[in-house]
1. Based on Cβ point charges of +1 for Lys and Arg and -1 for Asp and Glu, what charge dipole magnitude is obtained for the chain about its Cα centre, in debye rounded to the nearest 20?
2. Where Lys and Arg each count +1 and Asp and Glu each count -1, what net charge lies around Phe32 among other residues with Cβ under 14 Å from its Cβ?
3. I'd like to know which of Ile86, Ser28, Ile65 lies farthest towards the positive end of the charge dipole of the chain, counting +1 on Cβ of Lys and Arg and -1 on Cβ of Asp and Glu.
4. How far, in degrees from 0 to 90, does helix 62-71 lean away from the longest principal axis of the Cα atoms of the chain, to the nearest 10?
5. Between (1) 13.2; (2) 9.8; (3) 8.8, which entry matches mean projected area of the Cα convex hull in nm² as derived from the coordinates of this structure?
6. For segment 5-43 and segment 47-88, what is the centre-to-centre distance using only Cα atoms, to the nearest Å?
7. Taking the chain as the reference, fit the longest principal axis to its C-alpha atoms, fit the long axis of helix 2-59 to the helix C-alpha atoms, and give the angle between the two in degrees, 0 to 90, nearest 10.
Amino acid sequence: MVIPRLIGVLGAVLLLSALSVIYSKYYSHLLFIEIQKQERELDHFEIEWGQMQLELSMLAEQNRIELMARDQLRLIMPLREKIIYINP
């Protein structure tokens, strides 16, 4: 009588152990998928950061500002004698 009961208990323990292995493999697979998703997003942000750095260096260039003022706004540099300096 003890042996059938022992076999039943061992069977239940074995079943719980198998289910926990299946769950841990499933959960690790979900974590792996999430890590890959986050790495792709990181790559996207790094590319975007590089593009913004390049754009910032282009926009901050002094010659570009002067060219835009001259070409788009039709501004010209005033003569030296027409410049008024204001002291604080």
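1. Using Cβ point charges on Lys, Arg, Asp and Glu, the chain gives about 260 debye.
2. Every neighbour counted, the sum reads +1.
3. Toward the positive end, the furthest listed residue is Ser28.
4. Taking Cα atoms only, the helix is inclined about 60 degrees.
5. Looking at mean projected area of the Cα convex hull in nm² for this model, the match is (1).
6. If you average the Cα positions of each part, the centres end up 60 Å apart.
7. Tilt relative to the chain: about 10 degrees.
Values in this text are rule-based calculations from the coordinates and carry no lab data. These numbers were taken from a predicted model, which means no experiment stands behind them. All Cβ positions, even for glycine, are placed from backbone atoms using ideal geometry, and neighbour counts span all protein chains on display.
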